[in-house]
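The values are calculated or read from the model by the stated rules, or taken from the named source; none is laboratory data. These numbers were taken from a predicted model, which means no experiment stands behind them. Counting neighbours? That spans all protein chains shown, and the Cβs are built from the backbone with ideal geometry, glycine included. Please note that ligands, DNA and RNA were not included when accessible areas were found on the heavy atoms of the full protein model with its side chains. Shrake-Rupley method; radii C 1.70, N 1.55, O 1.52, S 1.80 Å.
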Amino acid sequence: MKIFNWTNIRLVLMLGVVIFLFSFSSNRNQNRKLTKSVVVFEGDNALFVKRETVNKLLIENKENASSIGKDKLDLNKLERRLNSNEMIDKSDVFVSIDGVLKAVVVQKTPVARVFDKEGSFYVDYEGGIMPLSDNFTARVPLVSGVINRKNSEKYSQLFRAIYDDDFLKKNIIAIEVMHNGRLKMLNRNYNYEIDFGDIANMEQKFKDYKAFFQKAVLDSSLYKYKKIDLRFTKQVVCTK
């Protein structure tokens, strides 16, 4: 019995040709230049970082992407470069079949703007520090008082709770952190002050406030109050 026959030989030759063509095509593809670079932002349309800024990071300050060879690319390095930007949460960098260098970028999400002695900054959704942008100003609560870059993360859960709730996000416009740890808040459309107490039991306090608001807004009594006290859970104390 013959080990090799013409059928086996043809299969071996065909396999060799396929491997050669694949190797040739791969090598040729690696030696090609990029055609262009494209930056895509996911999520909110508000751009805190300019598209041009991201593109410069992507092509490493070269004049354009067409001067870059595919074999010179380090996609992981490019992602790390983009992610080091203080406005960017994460990115995904890849090259399409037609030679387009593409970056899909997710920006950080600011949930509060803090004012301290050193200036102003955002607290992002994860509790990190995010600088202000020359390109866009976020509509988030303004926070002042005993808060700074060192202790701002302590209040990130509170800021997220406000950001994630459509009612609170629309109505709570300012927060002041007092020396005793109590929080005072201001409502967008009414002149009363909200005494929130500390951050303990904040979910219940917000539920109490929303229930009170929905009832009081019906009889227009909200305009009569100067202070809304939420320090005691499951009750709301109002002062005229």
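Where the accessible area of the stretch 55-177 is counted over protein heavy atoms with a 1.4 Å probe, how much of it, in %, is carbon and sulfur? Taking all protein chains in place, the stretch 55-177 shows 45 percent carbon and sulfur surface.
A Förster radius of 30 Å, combined with the Cβ-Cβ distance separating residue 149 from residue 203, puts the computed FRET efficiency at roughly 0.70. Protein heavy-atom accessible surface, 1.4 Å probe, per residue over the stretch 149-240: 60 Å².
Positive contributions from Lys and Arg (+1) and negative ones from Asp and Glu (-1), summed over other residues with Cβ under 11 Å from the Cβ of residue 240, come out at +3. Derived scalar couplings between HN and Hα for the stretch 215-231 equal 7, 6, 5, 6, 9, 6, 7, 4, 5, 7, 8, 9, 8, 10, 9, 10, 5 Hz in order, rounded to whole Hz, by the Karplus curve 6.51 cos²θ - 1.76 cosθ + 1.60 (θ = phi - 60°), x for Gly and Pro.
Here the stretch 122-240 is treated as a sphere whose radius is the Kirkwood value from Cα pairs; by Stokes-Einstein at 37 °C and 0.692 mPa s it diffuses with a coefficient of 219 µm²/s.
Let's test this: bin the Cα-Cα distances of the stretch 181-240 at 5 Å from zero up to the farthest pair and state each bin's percent. Here the calculated profile for the stretch 181-240 is 4, 19, 32, 28, 13, 3, 0.
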